[in-house]
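Notes to accompany the following structure.
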Amino acid sequence: MTVLTKRIVWSLYALAGLVVLGTAGYMLMEGQPFGDSLYMTVITLTAVGYQEVWDLTRAGRGFTMFLLLAGVSWLGFWFASITALIVELDLQDVLRRRRSMREISNMENHVIICGAGRTGRQVAQELDTVTHDYVIVERDPKRITQLREYIPDVHVLEADATHDQALLDAGLLKARGLITCLSADADNLYVCLSARDLAARVTIVARAYEEESIDKLYRAGADQVVSPNVSSAIRMASVLLRPSVVSFIDIATRSPDLKLRMEQTAVREGSRIAGKTLEEANIPQETGLIVIAIGKHGDAGLDFVFNPSRTTRIDAGDDVIVLGDPTQIERLREYAG
C-alpha cells in the first residue's frame, strides 16, 4: 500500500470518526434523536449550510463550530489526497511509457509483433518462454491491459502498426523479424508493404484469414504466410492419421515445462564447427543434442538436409536444427560460437 493510499484510508477513518463524534455529541448535548443528530452532523461536516433542524443551545453552537472547522479541514485533506493520487497515477503511467520506450530503443535483433489479439498474445507467450527481446505494437488500450494480465513486463508500443512511424519506433531497422497478426488481411498486407520498404532484410511472417490473401501477402513482401484455416485442416488430418507424430511435435515445439524443444542455431563465420563435417563437429557428444537437419541457404532458397549423415559438411551461414532441452541448446550456441 502506497503512502497516498494510506492517507486516503486514514481520511475515511477520520470521516467515520467525525460522524460518530458529531452524532453522539448532538444526542448527548442537545438531547436530539439519532436521525436528526446524524443529519445535523452531515450537513455541518460538509459545510452545506442548510437550515438547522432545531434551535441550538450555546454549547451546541460551539460544538457545531468545532464540527464545521473539522469538516472543512477534512474536505481540504481529502481533495488534496485524491488530486495527489490522480497525479501520481498519471505520472507513473508516463514514466512507465518513457522507460518502455527507452528499453525498446536500446533493443537489437528483437522481434516485433503487430497486434495483441488472441493470436498476438499466444505468439508473445511463446516468445516469452525463449526470449524477452520482443515488442508488441497495439492501438487498443483494452487489449494492452488484457495482455499485461498474461505478461506483466511485456514491452508494448501503443500505436497503429499500419503507420510507418510506429514500426520505426518499435525498432524495425534493428529488428530480426516482424510478425503481423492484425485482425484484417488488408492491415497485414499494409504492414508487410511498409516493413519491406523500410527494412529490406527483415524477416516478415504474416497471418492470412482468407486463402486468396496468401499470394498477395507474399507479393507484398512477407517471407512466410500462415493461414489458420489451412494449418488447422492439416493438423486435424494429421491427428487422425499420425497421432504419435503430432504428439511428438507438440512436445518438441510447445512443451510447457520446456524439458524438450526443437530449436535452430545459425553457424557464423569463424565458428569452431564451420567447415567441418557433422562427425568432426562432434555436436551430440559435446552438447547431448540430436541433430535433426541442417538448413543450407542457396540461390534457390533454403534447402534442408534431413537426418544428416556424419559426412555432411556444416558451412558458415547454415542453420543447425536440433532437439534437446534449453540447457543443451545454450551449450551448442556457446560451443558453435
Restricting the calculation to Cα positions, tell me the Rg (one decimal) and the Dmax (whole number) of region 259-336 in Å.
11.5, 36
Run down the aspartates and glutamates and flag those whose C-alpha is under 19 Å from the C-alpha of residue 216, throwing out any fewer than 8 positions away in its chain.
185, 187, 197
Taking the structure as given and computing semi-axes √(5λ) of the Cα gyration tensor in Å, which label from [x] 32, 24, 20; [y] 36, 21, 18; [z] 67, 22, 20 fits?
[z]
Could you pull out every one of the lysines with an alpha carbon less than 22 Å from that of residue 276, ignoring same-chain neighbours closer than 8 positions?
296
For the chain, with the dipole built from +1 on Lys and Arg beta-carbon atoms and -1 on Asp and Glu ones, taken about the Cα centre, which of 289, 81, 10 lies farthest toward the positive end?
10
With Cα coordinates, the longest principal axis of the chain makes an angle with the long axis of helix 185-198, in degrees rounded to 10, of 70
Within the chain, the percent of DSSP beta bridges that are antiparallel, given to the nearest 5, stands at 50
Among 304, 224, 244, whose Cα projects farthest towards the positive end of the dipole of the chain, with charges put on the beta-carbon of Lys, Arg (+1) and Asp, Glu (-1)?
244
Between residue 245 and residue 85, what's the calculated FRET efficiency when r is the beta-carbon distance and R0 is 45 Å? Round to 0.05.
0.20
Note the angle between two axes, namely the Cα long axis of helix 118-128 and the longest principal axis of the Cα atoms of the chain, as a number of degrees from 0 to 90, rounded to the nearest 10.
70
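Above 24 angstrom, tally the Cα pairs of region 101-248 and express them as a % of all pairs, no decimals.
Values: 3521 of 10878 pairs.
Counting every Cα pair in region 101-248, those more than 24 Å apart make up 32 percent.
Restricting the count to DSSP beta bridges whose residues both fall in region 107-232, what percent are antiparallel, rounded to a multiple of 5?
Taking every DSSP beta bridge with both residues in region 107-232, the antiparallel ones total about 0 percent.
Just so you know, all these numbers are worked out from the coordinates, no wet-lab data involved. A quick note: this is a predicted structure, and the numbers were derived from the prediction, not measured. Note that each Cβ is placed from the backbone with ideal geometry, even for glycine, and that neighbours are counted across all protein chains shown.
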